[in-house]
1. When the chain is fully extended, how far beyond the present Cα-Cα distance does Ala92 get from Val13, taking 0.36 nm per residue of separation?
2. Any idea what angle helix 87-101 forms with the longest principal axis of the chain, computed on alpha-carbon atoms, 0 to 90 degrees, nearest 10?
3. Give the residues of segment 187-217 whose amide nitrogen is closer than 13 Å to a point set 7 Å from the Cα of Asn45 in the direction of its Cβ.
4. Calculate how steeply helix 204-213 sits against the longest principal axis of the alpha-carbon atoms of the chain, using the helix alpha-carbon long axis, and give the answer as 0 to 90 degrees to the nearest 10.
5. For helix 105-116, what angle does its Cα long axis make with the longest principal axis of the chain, in degrees from 0 to 90 and rounded to 10?
6. Nothing charged except the Cβ atoms of Lys and Arg (+1) and of Asp and Glu (-1): what's the magnitude of the dipole of the chain about its Cα centre? Round to the nearest 20 debye.
7. Of all the stretches in the chain, which is the longest one without any exposed loop site, taking GluC sites (Glu not before Pro) in a DSSP loop (any state but H, G, I, E, B) with at most 14 other Cβ atoms within 10 Å?
8. Which label marks the calculated value of log10 I(q)/I(0) by the Debye sum over Cα atoms at q = 0.08, 0.15, 0.16 Å⁻¹, given the options (i) -0.31, -1.17, -1.34; (ii) -0.43, -1.11, -1.18; (iii) -0.28, -1.02, -1.17?
Amino acid sequence: MGTEQLQRYTLAVLSHLALLAAWHLFVTLGNVPTFVMPSPLATANALLRPEYFWWRNIVATAGEIFGGYALAVVVGIGLAVLFSWFRWLEIALMPLLVSLNMIPKVALGPLFIVWFSYGVVPNILIAFSISFFPIVLTTARGLREVEPDLIDLVRSIRASRWQIFVKIQLPGALPYIFAGAKVAAILAVAGAIVGEFLGSERGLGYLMLQVQVTLDTAAMFMAVILITLIGVVLYGLVLGLERILVVRDARIG
């Protein structure tokens, strides 16, 4: 680990610790009631309450987020590849995708519940519907950004379409793919929680609605923190994969 990278991580940790300290001081010095804003310690103590079934709700929410995101990556990249191979398909479907993306995803939630009932499936679909478009858009653009002269050169030596895609288009499009994938990771978290708010039987979003009735703000804060941590893990996995693939290819190049 280089010095610059170590400094970056150190500053990131310090900024989070500063936020916790400011939170604690605000609650303590301001005599803020617990039901309005609990202290960091009270929030952490909420994890010790077994009646909230934290582990079960964490697994449910994480499954919805990762499931919806994985579906968006597979479908989004796959569709973008078809767009790069068949220009007429992109001309026909891209305007339709733009129109569908303008539909408020919250409005789709009740329909998904009617079609698929309560549970994990509609929440995965909502996460997918929110995170899908950035991936297909950036991937399609990345596959188009390859220099035409380079493709003509490779074709002159009788390279197949698959070889052109694997050796030239896909490596060149990786920065675009990961740009969309990182945006989609954030949106997938929001989509899954929206689905749990609209109708669910488990999950951290569902738990937040339950404890809202009793004004257990500490449990609500802890649920928000856990949702954030799940999103950070997903984003970190995408960022790590990007550094492995994109940085390695850049060094080889």
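Read-outs throughout are calculated quantities, based only on the coordinates presented, and are distinct from any laboratory measurement. This is a predicted model, so every value here is computed, not measured. All Cβ positions, even for glycine, are placed from backbone atoms using ideal geometry, and neighbour counts span all protein chains on display.
1. Stretched fully, the Ala92-Val13 segment lengthens by 23.7 nm.
2. Approximately 20 degrees, to the nearest 10.
3. The answer is 217.
4. It works out to around 30 degrees.
5. The helix 105-116 is inclined about 90 degrees to the chain.
6. Value, rounded to 20: 520 debye.
7. Excluding the exposed sites themselves, the longest stretch runs over 1-144.
8. From the options (i) -0.31, -1.17, -1.34; (ii) -0.43, -1.11, -1.18; (iii) -0.28, -1.02, -1.17, the structure gives (ii).
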